[in-house]
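Inspection log for the structure reproduced underneath, given as structure tokens.
The values are calculated or read from the model by the stated rules, or taken from the named source; none is laboratory data. As the structure is a prediction and not an experimental result, all values here were calculated from the model. So basically every Cβ, Gly included, is an ideal-geometry build from the backbone, and we count neighbours across all protein chains shown. Ligands, DNA and RNA are stripped out before the accessible areas are found, and what is left, the full protein with its side chains, is counted by its heavy atoms. Shrake-Rupley method; radii C 1.70, N 1.55, O 1.52, S 1.80 Å.
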Amino acid sequence: MSAPVQVRERIDALRELLHHHAHRYYVLDDPQLPDAEYDKLFRELQELEAQHPELASPDSPTQRVGGKPLDGFARVRHKVPMLSIRTETDIEASGAHSFDARVRRELGLAESDPPVEYVGELKFDGLAMNIRYENGVLVQAATRGDGEIGEEVTQNIRTIGQVPLRLPKDAPPVLEVRGEVYMSRGDFEKLNESQREKIAKGAKGEKTFVNPRNAAAGAVRQLDPAIARQRPLSFFAYGLGEISAPEAGGPTFETHFEILMTLRSWGFPVSDRTQIATGADELIAFHQAIGKDRDSLPFDIDGVVYKVNSLALQRQLGFVSREPRWAVAHKYPAQEQLTTVQAIDVQVGRTGKLTPVAKLAPVFVGGVTVTNATLHNEDEARRKDVRVGDTVIVRRAGDVIPEVVAVVPEKRHHDALQFTMPRICPVCGSDAVREEGEADYRCTGGLFCGAQRKQAILHFAQRRAVDIDGLGEKLVDQMVEAKVISTLPDLYRLGLANVVALDRMAEKSAQNVLAALEKSKQTTLPRFLYGLGVRHVGETTAKELARHFGKLDSIMDASVEQLLEVPDVGPIVAESVHTFFRQPHNREVVEQLRSCGVTWEEGEPEARAPKPLAGKTIVLTGTLPTLSRDQAKDMLEAAGAKVAGSVSKKTDYVVAGAEAGSKLDKARELGVTVLDEDGLRVLLAG
Ligand code: IVH
């Protein structure tokens with residue numbers, strides 16, 4: 001009987017969908033579906049095809065092992081096909097039991113027979129590699145490709161420090177080592193961080209990577225070895241491909257474990273979590289032990305692998321289709337899942353950094369239920385174009401904060417709104433600003449903002465600022481948490497009773513804290529200024545500002561131009577100081593500190609040589625007799641003038657030399673004073 005139309009249609013739809021996602025995954029290294037979701041569709045197709053063998057088709061995604069080789073790499077036919085391993089669908093401990101039961105049945109073992117010995121390995125989440133050595137020299141490295149034919153990526157694999165380029169003398173004349181190329185989580189985070197910076201600076205064609213495996217795949221298949229080199233990869237060996245027969249100088253192995261230990265002795269990294277496990281119970285114990293440590297491993301794994309240890313038994317068990325019967329992958333909960341975005345909130349960190357965070361429909365990912373995932377910053381949120389209502393891939397691996405890695409575009413509602421970063425701090429209402437060349441918005445209400453409270457107090461209290469002896473992190477945490485203080489000035493309103501009431505605070509220590517607070521009231525302007533924690537104002541800048549202006553009020557009221565007159569103060573610092581004191585909340589805190597009795601000696605503004613041309617705009621044109629254009633410009637700027645490129649009504653002087661053109665005409669037309677070089681020198685002399 002032929003299959004119902006719905007089944008045919010479903011099979012066609014699944015094949016098309018899987019082809020599409022396999023292409024994104026294997027060829028473009030840019031998946032749109034989490035693996036777990038792909039696997040689910042794949043299994044559904046496998047089951048339908050099994051129920052309806054008449055609908056089988058050689059081009060079904062179920063009929064191939066891996067991806068298509070990329071154009072651009074030479075093709076390599078594997079001497080020994082690179083197979084895949086069957087995945088135990090049951091992620092509970094019982095999965096190990098069923099594998100052991102299957103092996104025993106297939107080997108014809110009775111219950112009374114001794115337990116089978118296995119090797120437990122990690123299932124690394126990278127990409128399979130075949131590395132070939134001839135006469136002890138690395139000659140070729142190839143990806144798995146479709147299992148029969150892979151891509152030659154020798155150059156890129158040579159960049160992996162852990163892969164030996166030469167082998168010791170006792171290695172056989174022909175040796176193919178198989179293992180996993182991967183990127184550690186640390187290297188992945190660093191790479192994405194630097195990609196985000198490049199994107200923030202406007203670099204074209206750069207992207208962040210969804211996960212370490214895709215970053216590794218991208219690096220391995222990078223056609224430019226110089227770029228591949230900047231993408232740090234690692235390697236673990238887990239098996240063999242072709243190897244010289246014993247009569248041709250090859251070794252004789254009896255167990256898989258022996259192979260791994262020999263590979264280690266030849267210089268290949270073999271995970272030290274690899275171990276022998278006898279019988280199902282030890283497999284379960286292994287699965288549990290690794291599961292417990294999964295988050296703290298420095299790299300991603302998606303499960304463990306069990307392999308029958310005896311090579312003779314492996315041969316006896318053989319293969320079914322393209323999977324060995326002697327090995328199985330036993331997975332852990334997926335580290336990527338689909339969920340929906342319910343809202344996008346903006347959180348403010350201790351240092352004032354604003355981070356957009358997606359609020360998610362709760363989803364079980366990487367072993368925990370996740371409801372929040374970071375979108376990092378405005379550019380990232382925009383680039384990924386995450387919108388409320390979207391279906392997204394969430395990743396949580398290790399103790400890294402869960403992250404939205406991509407949107408599933410087909411599932412977007414037509415009315416979903418684009419995210420925009422607020423220009424106001426959601427915690428305190430101060431201005432949020434993004435400086436040039438920076439990826440993050442920051443709240444400028446440092447002294448007042450609830451999110452930055454602890455940080456602000458600690459910064460103010462530190463020895464190099466107003467120096468409140470004994471007021472460290474623990475105490476500040478306690479005081480803020482117990483709501484004894486909420487803003488800086490509250491410190492100076494503390495009474496003995498408040499302090500003694502804190503945990504583990506004896507009366508003597510409480511008195512010491514109060515005495516330190518009292519003492520700190522007498523400070524200096526640079527210390528106070530530094531203590532306010534204005535972004536970009538370090539100790540040196542605070543000293544320069546104090547010396548230049550003499551009084552705090554003058555600094556608070558200074559315009560950006562006036563701030564720019566301070567030595568070493570450039571536009572970024574000037575802007576930051578100006579914005580800080582423009583926030584009414586920050587000014588209020590400063591006033592309160594003063595009224596609580598914090599004082600310092602104020603001085604006179606520094607008597608500097610007055611800048612004779614401050615506020616004047618001057619245009620240079622033509623060739624001067626002795627001064628070059630740059631010399632003249634430097635001298636004018638040093639005297640406080642602004643040197644402009646074109647003449648307007650705002651121009652105060654035009655300095656004209658030989659062959660002055662239209663600028664001179666314009667000056668005459670507008671009645672702007674025109675000087676020659678001598679006139680310029682007179683002007684500079686004040
Ligand atoms: S053994 C015949 N051992 O998992 C067995 N594979 O489908 C061949 N993998 O992409 C593979 N860790 O790259 C083996 N300890 C391990 C592994 C491992 C990760 C990957 C492998 C391949 C897939 C197997």
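5 Å is the cut-off here: which amide hydrogens, built 1.01 Å from N in the peptide plane, fall below it relative to V174, excluding neighbours closer than 5 in sequence?
N135, S244
Full-extension gain between Q6 and T371, please, as 0.36 nm times their residue separation minus the C-alpha to C-alpha distance.
Gain on stretching Q6 to T371: 127.7 nm.
Under a 5 Å amide H to amide H cut-off, with H placed in plane at 1.01 Å, what residues pair with A644 once short-range neighbours are removed?
Answer set, sorted by chain and number: I618, V619, L620.
Given a Förster distance of 41 Å, report the FRET efficiency between L496 and T420 from their Cβ-Cβ distance, rounded to the nearest 0.05.
The value I calculate is 0.25.
Of the options I199, V513, A312, report the single residue whose Cα projects farthest towards the positive end of the charge dipole of the chain (beta-carbon charges: Lys, Arg +1; Asp, Glu -1).
V513
Helix 35-51 versus the longest principal axis of the chain: what is the Cα-based angle in degrees, 0 to 90, to the nearest 10?
30
First compute the accessible area of the chain with a 1.4 Å probe, then give the percent of it belonging to carbon and sulfur atoms.
The C+S portion of the solvent-accessible surface of the chain is 50 percent.
Are there cysteines in the chain with no other Cys C-beta under 4.7 Å, and if so, which?
C596
Once phi is turned into θ = phi - 60°, what whole-Hz ³J(HN,Hα) does the Karplus curve with 6.51, -1.76 and 1.60 give for every residue of the range 220-232, x standing for Gly and Pro?
With the stated coefficients, the range 220-232 comes to 5, 9, 6, 6, 9, x, 5, 6, 4, 4, 7, 10, x Hz.
Note down the magnitude of the dipole of the chain about its Cα centre, charges +1 on Lys and Arg C-beta and -1 on Asp and Glu C-beta and zero elsewhere, to the nearest 20 debye.
Value, rounded to 20: 960 debye.
Does the range 220-310 come out rounded, prolate or oblate by the C-alpha gyration tensor, with a ≥ b ≥ c the root eigenvalues, rounded set by a/c under 1.5 and, if not, prolate when a/b is larger than b/c and oblate if not?
In terms of gyration-tensor shape, oblate.
Using the Karplus curve 6.51 cos²θ - 1.76 cosθ + 1.60 with θ = phi - 60°, what ³J(HN,Hα) values do you get for each residue of the range 488-497, in whole Hz, with x for Gly and Pro?
Karplus values, whole Hz, x for Gly and Pro: 3, x, 4, 3, 7, 9, 5, x, 4, 4.
Using only the Cα atoms of the chain, build the gyration tensor, take square roots of its eigenvalues as a ≥ b ≥ c, and label the shape rounded, prolate or oblate: rounded if a/c is under 1.5, else prolate if a/b is larger than b/c, else oblate.
Note, shape of the chain comes out prolate.
Using only the Cα atoms of the range 156-307, build the gyration tensor, take square roots of its eigenvalues as a ≥ b ≥ c, and label the shape rounded, prolate or oblate: rounded if a/c is under 1.5, else prolate if a/b is larger than b/c, else oblate.
Taking the square roots of the gyration eigenvalues as a ≥ b ≥ c, the range 156-307 is oblate.
Could you tell me the calculated FRET efficiency between R166 and E189, based on Cβ-Cβ distance and R0 = 45 angstrom, to the nearest 0.05?
0.90
For the range 69-127, take the convex hull of the Cα atoms, compute a quarter of its surface area, and give me that in nm², please.
If I average the Cα hull's projected area over directions, I get 6.8 nm².
May I ask you to compute the full-extension gain from D503 to F253, defined as 0.36 nm times their residue separation minus their alpha-carbon distance, rounded to one decimal in nm?
Stretched out fully, the D503 to F253 stretch lengthens by 83.5 nm.
For the chain, what does the helix formula give at 222 nm: sum of -39500 (n - 2.57) over DSSP H segments with n ≥ 4, over the residue count, nearest 500 deg cm²/dmol?
-10500 deg cm²/dmol
Near K551, which lysines are there with a Cα under 24 Å away, not counting those fewer than 8 places off in the same chain?
Reachable lysines: K519, K521, K543, K611.
So what is the accessible area of the chain per residue, in Å², with the probe set to 1.4 Å?
48
Subtracting the Cα-Cα distance from 0.36 nm times the residue separation, let me have the gained length for D281 to D634 in nm, one decimal.
Roughly 119.0 nm would be gained on extension.
Take the residue pairs K169/K190; K40/K123; K353/K411; K353/K633 and return only those whose Cα atoms are more than 29 Å apart.
Over 29 Å Cα-Cα: K169/K190; K353/K411; K353/K633.
Evaluate the distance, in nm, between pseudo-label points positioned 7 Å from the Cα of R681 and of I227 along their respective Cα→Cβ axes.
Placing both labels 7 Å beyond Cα along the Cβ direction yields 5.8 nm.
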